Amino acid sequence: MPERSINKLGHRIGARGGRTRTAILDATRRLLERRHLGELRVAEVAAEAGVSPSNFYTYFKTVEEPVLALCEAAAVDFQPLSRHLDGDWSADQAFAAARAYVVDVLMIWRDHGPVLRIEHMLADKGEIGFVEARVRRLRRVHLSLERRIAVAHATGYHAQGLDPRLASYEVANLVESVAAGFDLMRRGDTKSDAIIDTTAHIVVKLVTGR
C-alpha cells in the first residue's frame, strides 16, 4: 500500500505513525464494505481504527483522503495486468490472453470493489484526485491496448475511422463494467465461466478486429 513520508503536521511518519495510518486505511476499507461513503464520519473511522479523531487528522484531512489512498493501493495491484496485453496475441493465443486479463480484473474488483466504485463515481463527477487516480490506475493497460489495436488498425482489421486510443478506453471500460456488475450478471442460471468467456471473446474482437 502506498505510504506517505510526511503527516499533516509536517512531521516524518515513523514506524508507529505508519501503523496508525495503516490502521485508519484498514478501518476505512472495512467500513466501506458496509456503508456508503457519504454516511461515514471522521469519528466513526477513528473509532473503527482504534484511534482518536485527532490522530485521524494527523494523517488525513477528510474521510475522502484515506479512500483516495486506498485507490492508489488498488492502482499498484492493477499495474501487472498489462502483461496479458503485451504477450502473445496470435490467433491461437489471443483468447487465452484476453481471458486471463478479464479474470485478473475480476480479482482486483473482488479485493477493491467498494473503493473502485467510489473511484468511478467521483471521477465521473470530476473530482480531480479521483480522476487522476483512475487515469494512473488504467494508464498502462490503456497504452498496451492502444498499441495492439493500432497494429490491427494499420493492417486493415479495423474500420478506417476507428481511433485506437479511444478504442483502448472503451475496451478497458467494458471489462471494468463487467467486473463491477459481475454478481448481478450471475443471477439466475448464468455461469461465471460463461460471463468470463463471453467477455474475453468480445475483448479479442474489439482489440484484434478478428
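The values are calculated or read from the model by the stated rules, or taken from the named source; none is laboratory data. None of the values given here were measured: they were computed from a predicted structure. In this analysis, Cβ positions are derived from the backbone assuming ideal geometry, glycine residues included, and neighbour counts consider all displayed protein chains.
Tell me, please, whether a residue that is within 22 Å of E33 (Cβ to Cβ), free of Cβ contacts under 8 Å to residues at least 24 places away in the same chain and assigned to a helix (DSSP H, G or I) can be found in the stretch 164-178.
Yes.
Identify the single condition in (1) assigned by TED's automatic domain parsing to the domain that holds A43; (2) within 14 Å of A200 (Cβ to Cβ) that Y57 does not satisfy, given that it satisfies every other one.
(2)
Within the stretch 158-197, restricting attention to residues that are polar (S, T, N, Q) and more than 15 Å from the chain's Cα centre (by Cα), which residue is surrounded by the fewest Cβ atoms within 10 Å (Cβ to Cβ)?
Q160
Do the conditions hold for I118, that is, is it over 30 Å from G38 (Cβ atoms), out of contact with any Ser or Thr (no Cβ under 6 Å at 6 or more places or on another chain) and surrounded by 12 or more Cβ atoms within 10 Å (Cβ to Cβ)?
Taking the combined requirement at face value, the residue does not satisfy it.
What are the residue pairs meeting all of these: first residue in the stretch 193-210, first residue free of Cβ contacts under 8 Å to residues at least 24 places away in the same chain, second residue exposed (fewer than 14 other Cβ atoms within 10 Å of the Cβ) and of a type outside the set (S, T, Y), Cβ atoms under 9 Å, and 6 or more apart or on different chains?
Note: pairs meeting the criteria are I195/R186.
In the set H201, H158, which member is farther than 16 Å from L138 by Cβ, assigned to a helix (DSSP H, G or I) and out of contact with any strand residue (DSSP E or B) (no Cβ under 6 Å at 6 or more places or on another chain)? Working first, answer last.
Details: H158 fails: assigned to a helix (DSSP H, G or I).
The conditions single out H201.
Tell me, please, whether a residue that is closer than 26 Å to S192 by Cβ and surrounded by fewer than 19 Cβ atoms within 10 Å (Cβ to Cβ) can be found in the stretch 45-67. Give the derivation first.
If we filter the stretch 45-67 for residues that are closer than 26 Å to S192 by Cβ, which is where we start, we get none.
Within the stretch 45-67, not a single residue is closer than 26 Å to S192 by Cβ and surrounded by fewer than 19 Cβ atoms within 10 Å (Cβ to Cβ).
Please indicate, with yes or no, whether at least one residue in the stretch 177-186 is over 22 Å from F95 (Cα atoms) and not hydrophobic (A, V, I, L, M, F, W, C).
yes
Output the qualifying pairs, or none if there are none: Cβ atoms under 9 angstrom, residues six or more apart or on different chains, first residue in the stretch 53-65 and closer than 17 Å to I128 by Cα and in contact (Cβ under 8 Å) with a residue 40 or more places away in the chain, second residue of a type in the set (D, E) and in a loop (DSSP other than H, G, I, E, B).
Short answer, once both residue conditions are applied: E64/E127.
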